[in-house]
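Here the structure is laid out as structure tokens; the discussion comes afterwards.
Derivation of every value follows stated rules applied to the coordinates shown; laboratory data play no part. Keep in mind that what you see is a predicted model, and the values were worked out from it rather than measured. Reconstructed Cβ throughout: ideal geometry from the backbone, glycine too, with neighbour counts over all protein chains shown.
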Amino acid sequence: QVQLVESGGGLVQAGGSLRLSCAASGLTFSSYGMGWFRQAPGKEREFVAAISWSGDTTYYADSVKGRFTISRDSAVNTVYLQMNSLKPEDTAVYSCGAVLYRIPIATTSPRYWGQGTQVTVSS
């Protein structure tokens, strides 16, 4: 039973920071590329950030580059998304996804998905 469980979402003021976590279970964590995606009301789900199975390669959407950082900790099977300098347009449901030996840089890439966590950035 593969499970991805996101946490860390909430309400934050513009310019603030938040760290999201995605805890994985039921899979060989070191064999899966992991990614973060988001979906705002009325909009399509979009790619945010991704990290390779080995953790040596990362990718970011242009909209978050320089502000967000993705990382992974094999000791606790968890992927993180550190979000700094948050903007109201970052408001969305953030979900993590996993795919075997691939880097999920497209919304169609993940084999497994978490249920998401709400991030709301106020003006």
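Side notes on the structure shown:
- Among 2-10, 45-53, sorting by the average number of other beta carbon atoms lying within 10 angstrom of each residue, highest first, gives 45-53, 2-10.
- When only alpha carbons are used to place a centre, the stretch 70-123 and the stretch 1-47 end up 3 Å from one another.
- A viscosity of 1.567 mPa s and a temperature of 4 °C, combined with the Kirkwood radius over C-alpha pairs in the Stokes-Einstein formula, give the chain a diffusion coefficient of 92 µm²/s.
- When the Cα atoms of the stretch 1-62 are aligned to their principal axes, the ranges along those axes come out at 36, 26, 25 Å in descending order.
- Segments 81-92, 28-39, 105-116 sorted - mean Cβ within 10 Å per residue, highest first: 28-39, 81-92, 105-116
- Take every Cα pair under 8 Å whose residues are at least 6 apart in sequence, average their separation, divide by the length of the chain, and the relative contact order is 36 percent.
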